[in-house]
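To start, the structure itself, in structure tokens.
Readers should treat all values here as calculations from the given coordinates under stated rules, not as data from a laboratory. Everything quoted here is computed from the prediction, not taken from an experiment. So basically every Cβ, Gly included, is an ideal-geometry build from the backbone, and we count neighbours across all protein chains shown.
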Amino acid sequence: MNSKYFIISAPSGSGKSSLANFLLDKEKSLAFSISSTTRKKRESEVHGKDYYFITKDEFKNHIDSNNFIEWEQVYKDDYKGTLKSEIKRLVDVGKHIIFDVDVVGGINLKKYFGDDALSIYVDVPSFDILEKRLKSRGSEVVKEIDERIEKAKFEITQKEYFDVVLMNDEFDKASLKIYEIIKNFLRE
Ligand code: 5GP
């Protein structure tokens with residue numbers, strides 16, 4: 001079996017992580033690509049499940065050793081990247097892989113995996129809604145929210161580079177739609 005790659009990207013607050021979790025629950029042949037990050041762990045997060053939380057020095061060593069498929073400084077003091085070893089770990093056990101990455105990371109992963117990958121941009125009906133969702137979720141401090149809003153302004157201009165743009169207006173509808181999209185790509 002050849003592994004397939006599902007890249008889910010969008011600005012922060014668009015609901016992409018909830019969609020990724022929905023798919024992981026529903027389709028057992030899928031596994032989550034755990035990214036490495038230098039940002040501080042949030043209380044609810046688990047090392048080795050949500051992220052590999054590593055130091056900046058460790059991250060830099062990985063860059064120097066060419067260990068990343070893609071990496072980025074996503075925010076100030078927040079480097080994130082996909083390790084080649086992570087993909088090998090999942091491919092070796094026969095999984096298809098889901099990525100939850102930012103928009104630039106998504107475009108880079110699509111270039112890397114080519115036709116084996118489907119890149120999905122999760123859209124929201126308006127920028128105001130995105131801003132409201134970000135402010136209401138309470139996982140970031142005000143400075144971080146502002147940083148994310150600024151980044152989102154650029155990210156929404158990039159959706160045309162994705163294979164699919166999925167509107168996440170209502171979660172129930174969007175989750176069924178993305179499940180169907182993934183099932184179809186697995187059948188190809
Ligand atoms: P958070 O800090 O809220 O977990 O994630 C911030 C942003 O970084 C999100 O858009 C998330 O999808 C993205 N992200 C997570 N892992 C990676 C990665 O490995 N590479 C890239 N480029 N972005 C990532």
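Taking other C-beta atoms within 10 Å as the exposure proxy, R187, R42 rank R187, R42 from fewest upward. Each of K84 and N61 was given a label point 7 Å from its Cα along the Cα-to-Cβ line. The distance between the two points is 1.7 nm.
The slack in the chain from R39 to D115, taken as 0.36 nm per residue of separation less the alpha-carbon distance, amounts to 24.2 nm. Simple spin-label estimate for Y179 and F127 gives 3.4 nm between the two label positions (7 Å along the Cα-to-Cβ direction from each Cα). Per-residue ellipticity at 222 nm, computed for the chain from helices alone with -39500 (n - 2.57) per DSSP H run of at least four residues, works out to -13000 deg cm²/dmol. For region 59-188, the square roots of the Cα gyration tensor eigenvalues, ordered a ≥ b ≥ c, give a/c of at least 1.5 with a/b no greater than b/c, which places it in the oblate category. Here the 3J(HN,Hα) profile of region 4-9, calculated from phi with Karplus coefficients 6.51, -1.76 and 1.60 at θ = phi - 60°, is 10, 10, 10, 9, 10, 10 Hz, Gly and Pro shown as x. Using the structure shown, select from K110/K177; K80/K177; K28/K49; K26/K95; K56/K84 the pairs with a Cα to Cα distance greater than 24 angstrom. Table pairs above 24 Å Cα-Cα are K80/K177. Of the residues G138, G114, G15, the one that moves most in a GNM of the chain with alpha-carbon contacts below 10 Å is G138.
With R₀ set to 35 Å, the beta-carbon distance separating V93 from E144 gives a calculated FRET efficiency near 0.50. Using a Gaussian network model of the chain with C-alpha springs under 10 Å, which one of K135, K80, K110 is most mobile by mean-square fluctuation? In this elastic network of the chain, the residue with the biggest mean-square fluctuation among K135, K80, K110 is K135. Working note: Karplus 6.51/-1.76/1.60 with θ = phi - 60° gives region 89-94 the couplings 4, 7, 5, 4, 9, x Hz, where Gly and Pro are set to x. The aspartates and glutamates whose alpha-carbon is closer than 16 Å to the alpha-carbon of K135, local same-chain residues fewer than 8 away aside, are E144, D146, E147, E150.
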